[in-house]
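Notes for the one structure printed next.
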Amino acid sequence: MNDLSRVKRLSIAGMSCAGCVATVENALKGVTGVDEATVNLAERTASVRGVTDTRVLVEAVKQAGYGAAVLRGPEDETEKEAAEMAHYRRLLRKFLVASALGFPLFIAEPLGWLPMLDTAGGRGFWLAAGAITLFVLVYSAGHMFRGAWKAFRAHHANMDTLIALGTGAAWVYSMLVVAFPGIVPSLARHAYFEAAAIIIALINLGQALEMRARGKTSEAIRRLIGLQPKTARVIRDGRETDIPISDVGLDETIRVRPGEKIPVDGVVIEGHSNVDESMLTGEPMPVEKKLGAEVTGGTLNKTGTFLFQAKHIGADTALARIIELVRRAQSSKPAIGRLADKISSVFVPSVLIIAVLTFLAWFDFGPEPRLSYTLVATMTVLIIACPCALGLATPISIMVGVGKAAEYGILIRNGEALQQAGRLTTIVLDKTGTVTEGRPAVTELVPAAGVSENELLRIAASIETGSEHPLAEAIVSAAKTRGLALASVGGFEAIVGHGVRGTVVPPPFPSPLAGEGRGGGSSCTVLLGNLKLMQREQVNVGELESKARQLAAQAQTPMYLAVDGRLAGIVAVADPIKPDSKAAIARLRADGLKVVMITGDNRATAAAVAREVGVDEVLAEVLPGDKAAKVAELQARGEIVGMVGDGINDAPALAQADVGYAIGTGTDVAIESADVALMRGSLHGVPDAIAISKATVRNIKQNLFGAFIYNVLGIPVAAGALFPFGGPLLNPIIAGAAMAMSSVTVVSNANRLRFFKA
């Protein structure tokens, strides 16, 4: 793929609320070649998909009034984290400077320690206080005023706009009162320097606490990045050398010693060991690795030493793809998040209109001192409004939820799947490799009269050498175990949903399978498949049909073998049920989900497996191409369907389902074909994924409810809606504290998901 067409990530500076998100997104979407752009307020990043130059993207963001830099890899991420930590410390310093002025004034005024404005000494004191407050506004709130000015120049408004207007108006009014007290009535002669300083202090403190809490939400990504070692021990020209991991090439031979992390993906070529893959799969037990076994970069070698050959390096390793997948999911937006963004995009303009109406209402109808009341109410409305809490409500929860899922070996591709998973009513399970092990074995051989077991198995294995079906592998493996010499096969044909056909040349000795008048070296037409194939080819199965039914009732798959139109016997193959499938399905049913099993196997075998694991409904003898249609039928009945399959044969059905779960070991196809990829083979990953999805959506709704209620109740109270009925007029300082803490509350609530346990 061309580098220009990859997903690009930008670090965005200067964003303060969801209004900024909409502005940056629109700026990026306006760039020629951009197909999709999403901005994550919680991470302060943007993900852009399309064919365009990153320099153009950065310039577009700057034109919108914000800063931008390209994020290319772990090094950039580390720099970004260091920059955020430095910003956190700056915010704390700004809080301390603003507090040093604001809180002494706030405490001294009600105690009567401050001089009056109408005295000569008092005016000098308050002019000095005004000058110091101006320094606070420049030093502690300079970034907010600059943000407001940039937003104004780009023809939009954001949270900085509200803060700048509120505190700026308080300082200007106070300075006018101090410098020209005669221009306002005596009752209105009050300076609000302490309010401006304390509001700035509280907002800086709130932003610092929010940034600190936000840092915890990216813990999963940091842990994944930390899995990859910095160096690899390669063998070149017979010598072992430690080199940076970025210098490792394809097919290089790499040594891994006990206690070391595996640097890249590859295949073991010498030695054996046990490898801890828990950080990728969620499985606690180490996995044995011997000759030919695949190893994954980032996993931990426990015991032995081995050599392996690098097969995937750099961005192509499983760990790199997982990190990218988690990042994309954390930046994606479900429908509920897009709704919040739409509301947030008009929030600040709406608050400005409410502030104007508040000013007019108090100025025209308020009691004396009218001007003071007007200023306090208007400033309080501007300060208490918090679009930041609205903008953070969804992305912060998704970041934590997706990260928590990754810890369980569950890779969620997008926020939409996260939201949909909690609404599922039906789960459709593919049988082979999902409910069962997917590693079938020959369990019984039933030869027809005059045919030996070995001859039956030899011919069956010969014809199946051309098939890639798991059942075929089981038959060939059984023949090899017995040491049988396989015959050559010609004219092989796979008959979808029925079986296989081919021409087999038996060894040069007489055989009853060769037909009348044929020599040992003549060829035979062989059929191997289900009862449908025998009926289609008009092969008489005779008395063996009852035996086949008996085998099917025992959860074995009977396969008929016919040679030149004559039945030669039955090869029975069984795929063991996974030990935890029954318990996982019980969890799904306990959650109120209807569980359906779908398979191409015969009805009797499917029914036997279904009875064993306890599913509600069985769809048997379904051709691979028809699975998606069956999912569509369930959806037509009003069901919201989750499909669980291996991510290869079931790709169409996974795509058709409302949420597709690819279960397996995180192969390329598994990751790409479904909404959710389950890195471990256990079916427990499905209820775990659903539980995490429900918890995340619940958390999003809590955040949105809290943010909406805060603003719906806070803004009218700030405007003085309760004052005519004997209620209080909200102090701007209290409004500033409430606004600063609202975002912290949202982020803290989202971080509760970090302690989720399935």
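Values computed for the structure shown
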| read-out | value |
| --- | --- |
| Sulfur and carbon atoms: percent of accessible area, the chain [1.4 Å] | 58 percent |
| Ellipsoid equivalent to the chain - semi-axes via the Cα gyration tensor, in Å | 70, 28, 19 |
| Folded to 0 to 90 degrees: helix 453-464 orientation relative to the chain principal axis, Cα | 50 degrees |
| Per residue, in Å², the accessible surface of the chain once ligands and nucleic acids are set aside, probe 1.4 Å | 43 Å² |
| Total formal charge among the other residues, if their Cβ is under 12 angstrom from that of Lys594, Lys/Arg +1 and Asp/Glu -1 | -2 |
| Between helix 193-217 and the chain: long-axis angle, C-alpha atoms, 0 to 90°, nearest 10 | 10 degrees |
| Pairwise label distance in nanometres, Ala485 with Thr119, each label 7 Å out on the Cα-Cβ vector | 11.9 nm |
| Rounded to whole Hz, the Karplus (6.51, -1.76, 1.60) HN-Hα couplings of region 340-355, x for glycine and proline | 4, 5, 4, 5, 5, 5, 9, 5, 4, x, 5, 5, 4, 5, 4, 5 |
| Förster radius 45 Å - calculated FRET efficiency between Ile235 and Glu612, Cβ distance, rounded to 0.05 | 0.35 |
| Sorted largest first, extent of region 559-620 alpha carbons per principal axis (Å) | 53, 21, 13 |
| Theoretical FRET efficiency, 1/(1+(r/R0)^6), r = Cβ-Cβ of Arg223 and Leu722, R0 45 Å, to 0.05 | 0.40 |
| Farthest toward positive dipole pole in the chain [+1 Lys/Arg, -1 Asp/Glu at C-beta], among Trp149, Val697, Leu105 | Leu105 |
| Size descriptor, Kirkwood hydrodynamic radius, that averages inverse alpha-carbon separations across region 3-72, Å | 11.5 Å |
| Ser332 long-range amide H proximity, modeled H, under 5 Å | Gly415 |
| When region 48-165 is reduced to its Cα atoms, the Kirkwood hydrodynamic radius in Å | 17.9 Å |
| Region 725-740 - phi-based ³J(HN,Hα) in whole Hz, Karplus 6.51/-1.76/1.60, Gly and Pro as x | 9, x, x, x, 9, 5, 6, x, 5, 5, 4, x, 5, 5, 4, 5 |
| When region 249-312 is reduced to its Cα atoms, the Kirkwood hydrodynamic radius in Å | 11.2 Å |
| Under 5 Å, built H, 5+ apart or other chain: amide partners of Phe756 | none |
| Inter-label distance, nm, simple model (7 Å from Cα along the C-beta direction), Ala361/Glu324 | 5.4 nm |
| Value of [θ]222 nm, deg cm²/dmol, for the chain, DSSP H segments ≥ 4, -39500 (n - 2.57) each, nearest 500 | -16000 deg cm²/dmol |
| FRET efficiency, His272 to Ala82 (Cβ-Cβ, R0 41 Å, nearest 0.05) | 0.50 |
| Rounded to whole Hz, the Karplus (6.51, -1.76, 1.60) HN-Hα couplings of region 607-618, x for glycine and proline | 5, 5, 5, 4, 4, 5, 9, x, 7, 7, 8, 10 |
| In region 1-72, the trypsin sites (Lys or Arg not before Pro) that fall in loop regions by DSSP, at most 12 other Cβ within 10 Å | Arg72 |
| Solvent-accessible surface (1.4 angstrom probe) belonging to Asp316, in square angstrom, nearest 10 | 100 Å² |
| Amide H contacts of Phe306 (H built 1.01 Å from N, under 5 Å, at least 5 apart or other chain) | Val256 |
| Environment charge at Phe103 (Cβ cut-off 15 Å; Lys +1, Arg +1, Asp -1, Glu -1) | -1 |
| Separation of the Phe708 and Gln635 label points, Cα + 7 Å toward Cβ, nm | 2.8 nm |
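The values are calculated or read from the model by the stated rules, or taken from the named source; none is laboratory data. Since the model is a prediction, treat every value here as computed from it, not as a measurement. Quick reminder, even Gly has a Cβ in these numbers, built from the backbone with ideal geometry, and neighbours come from all protein chains shown. Keep in mind that these areas ignore ligands, DNA and RNA; they rest on the heavy atoms of the full protein, side chains included. Shrake-Rupley method; radii C 1.70, N 1.55, O 1.52, S 1.80 Å.
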